[in-house]
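The values are calculated or read from the model by the stated rules, or taken from the named source; none is laboratory data. Because the structure is predicted, anything quoted here is derived from the model rather than measured. When we count neighbours, we look across all protein chains shown, and the Cβ atoms used for this are built from the backbone with ideal geometry, even at glycine. We work out accessible area using only protein heavy atoms, side chains counted, and drop any ligands, DNA or RNA first. Shrake-Rupley method; radii C 1.70, N 1.55, O 1.52, S 1.80 Å.
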Amino acid sequence: MEVYNTLTRQKETFQPREPGNVYIYVCGPTTYNYIHLGNARPLVFFDTVRRYLEWKDYKVLFVQNFTDIDDKIINKAAEEKRDPLELSRGYINEYFKDAGALNVRRADIHPLVTEHINEIINLVKKLVDNNHAYVVDGDVYFEVRKFAGYGKLSGRTLDDMQAGTRVEVDARKRDPLDFALWKAAKPGEPHWESPWGPGRPGWHIECSAMSLKYLGINFDIHGGGFDLVFPHHENEIAQSEAATGKPFVRYWLHNGFITVNEEKMSKSLGNFFLVRDILAQFPAETVRFFLLSTHYRSPLDFNDEELAAAGRGLKRIKTSIGLLTEALARDCRQDARDLIAGQIISKKHTFDMRLDEFRDSFEAAMDDDFNTALAIGTCFDLAREVNTAVQRLGEGISVADKASLRKAMELFTSFNEVLGIFRVGEDGALLISGVAEDESGLTEGLIDLIIKVRQESRKKKEWETADRIRDGLKELGIVLEDTPQGVRWKKQGQN
């Protein structure tokens, strides 16, 4: 398994800190508004990374923070005449609604900045004590030029940064590139007591403090959008390694930008889309499918035509699963008629799908830097194979055919465990909207009818027929149990 590491600018063989365990931290949103399309891409992608690692039997600890205190939150709260912390909590609740609609699983830990002030202060204090940070009028700044590795993530030199980056002019700083670790409180702002006076954390220090607390030094994967490489993640590396003296993260993963009609998404251009506005026009499963249909490091252009195309592609897979479901249901009905007629099932095996190859192709795609586009391509290949097989079957399906169909359904279900494009029912079945409904009620009725025929055969002492019906049902995966209260049936493997 190989991943592209932004830090080394190349693919590397993935070797976690601890065999069998993976520790992941992903930067979450600043909660002053509903999440937008730019937030959605990393949410869906890193959710898929987590799912795939678990699919490969890793035990994953996944942490994603919320920035619940920040200049943007304070300004928005002032505009709306609301308490900043109340405002941010409200948008955290709205985040879970939108993320849940996209089938993004909750992180194992969702730390809030305001609940980790002590950890942040302790980390800042360590940087002040080892002379990597300095205090000015209650503000604390990280001294960039004292960290020799600054720029290694973004690949920029200090001179390039100073010439090309817009930095607030502050004569109190020793260098324009120095960034705030702790901000002195302004009148009316939320604040916390610290060794340097009342204030609140800077943006960058919060992620270092929370990730180190929950994941430890040199954890496995730190992720986010490409826009976070500089300055946010660059600053995280500098302050974390300056404080600990050890490598901060093993692998840095960043997803590419989203454009809208080939223009960068921005509020000034009026092409800034909230996720819930998009979900009002397109099904959530289509949006998730669209976000995964391009390799995560490539730019992704958002427009109605592309989303409509994603919907058509997803429908092809849904239709194939629907045909598969119907074929399996038809199989049960055909064999039920044979059982009722007392016939021995002896249909010939009519096809042989290359099912193991599909699983290998899917895994190879995901092992190659989480290439979801190629993995989805494997789903299309499987769909074509299923469609061809179902067309060849006609009305007669052998036990061997049925086993292949079930394995194909298991593959779709397994691939969905990673991609998350379909919801899953309590019984583990894929919930596919827009295709033929599940015929479990009809199947159960047929089984009950067969049991009645068997009971009548037993009353007539036609033991051979009764045994043939019992054995035939077992071959179909249905186990009969004769109890004092009557005959009970269950699917094989159920308790």
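Quick notes on this structure:
- Residues of the stretch 403-418 that are among the hydroxyl-bearing types (Ser, Thr, Tyr) and at pLDDT 95 or above: THR413, SER414.
- Annotation: ILE217 fulfils all but one of (1) in contact with a helix residue (DSSP H, G or I) (Cβ under 6 Å, 6 or more places away or on another chain); (2) surrounded by fewer than 20 Cβ atoms within 10 Å (Cβ to Cβ); (3) of a type in the set (Val, Ile, Thr); (4) modelled with pLDDT under 95; the unmet one is (4).
- Where GLY100 falls short, out of the listed (1) part of a helix (DSSP H, G or I); (2) in contact (Cβ under 8 Å) with a residue 60 or more places away in the chain: (2)
- Residue identified as closer than 30 Å to ASN5 by Cβ and either open to solvent by less than 50 Å² (accessible area, probe 1.4 Å) or modelled with pLDDT of 90 or more (or both) among ILE450, ILE421: ILE421
- Taken residue by residue, the stretch 459-473 has no member that is open to solvent by less than 40 Å² (accessible area, probe 1.4 Å) and at pLDDT below 75.
- The condition of being without any contact (Cβ under 8 Å) to a residue 24 or more places away in the chain and within 23 Å of ASN75 (Cβ to Cβ) holds for only one of PRO176, PRO187, PRO198, PRO231, that being PRO187.
- Qualifying residues in the stretch 170-200 (those that are aliphatic (A, V, I, L, M) and part of a loop (DSSP other than H, G, I, E, B)) - the one farthest from PHE147 (Cα to Cα): ALA185
- Filter pass, LYS146 being of a type in the set (D, E, K, R) and at pLDDT 95 or above: yes
- In the stretch 30-39, the residue that is farthest from the chain's Cα centre (by Cα) out of those that are open to solvent by 10 Å² or more (accessible area, probe 1.4 Å) and either at pLDDT below 95 or not hydroxyl-bearing (Ser, Thr, Tyr) (or both) is ASN33.
- Taking each residue of the stretch 50-74 that is farther than 19 Å from LEU212 by Cα and in contact (Cβ under 8 Å) with a residue 24 or more places away in the chain and looking for partners that are aromatic (Phe, Trp, Tyr) and part of a helix (DSSP H, G or I) with beta-carbon atoms closer than 8 Å, six or more apart or interchain, yields ASP70/TRP203.
- Identity of the residue in the stretch 220-238, charged (D, E, K, R) and assigned to a helix (DSSP H, G or I), that ends up surrounded by the fewest Cβ atoms within 10 Å (Cβ to Cβ): ASP227
- Reported count of residues in the stretch 275-294, each being open to solvent by 30 Å² or more (accessible area, probe 1.4 Å) and in contact (Cβ under 8 Å) with a residue 40 or more places away in the chain, is 6.
- Residues of the stretch 86-113 satisfying the condition of being surrounded by 15 or more Cβ atoms within 10 Å (Cβ to Cβ) and more than 26 Å from the chain's Cα centre (by Cα): LEU87
Here's the yes/no breakdown for (1) of a type in the set (Phe, Trp, Tyr); (2) modelled with pLDDT of 95 or more; (3) in a loop (DSSP other than H, G, I, E, B):
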{"position": "PHE290", "(1), (2), (3)": "yes, yes, no"}
{"position": "THR294", "(1), (2), (3)": "no, yes, yes"}
{"position": "ALA309", "(1), (2), (3)": "no, no, no"}
{"position": "LEU314", "(1), (2), (3)": "no, yes, no"}
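- The stretch 114-131 - residue that is more than 32 Å from the chain's Cα centre (by Cα) and outside any helix (DSSP H, G or I) and, of those, surrounded by the most Cβ atoms within 10 Å (Cβ to Cβ): ASN130
- Extreme residue, nearest to LYS126 (Cα to Cα), among residues of the stretch 239-274 that are part of a helix (DSSP H, G or I) and open to solvent by less than 40 Å² (accessible area, probe 1.4 Å): ALA243
- Residue satisfying all of: in the stretch 159-213; at pLDDT 95 or above and over 38 Å from the mean Cα position of the chain (by Cα); most open to solvent (accessible area, probe 1.4 Å) among these: PRO195
- Residues that are touching a strand residue (DSSP E or B) at 6+ places or on another chain (Cβ under 6 Å) and more than 22 Å from VAL49 (Cβ to Cβ) within the stretch 73-112 comprise ILE92, LEU112, listed in sequence order.
- Conditions (1) modelled with pLDDT under 95; (2) among the polar types (S, T, N, Q); (3) open to solvent by less than 40 Å² (accessible area, probe 1.4 Å); number of the one not met by THR350: (3)
- Counted residues, the stretch 40-61 - those being open to solvent by 10 Å² or more (accessible area, probe 1.4 Å), of a type in the set (A, V, I, L, M, F, W, C) and over 27 Å from THR259 (Cβ atoms): 3
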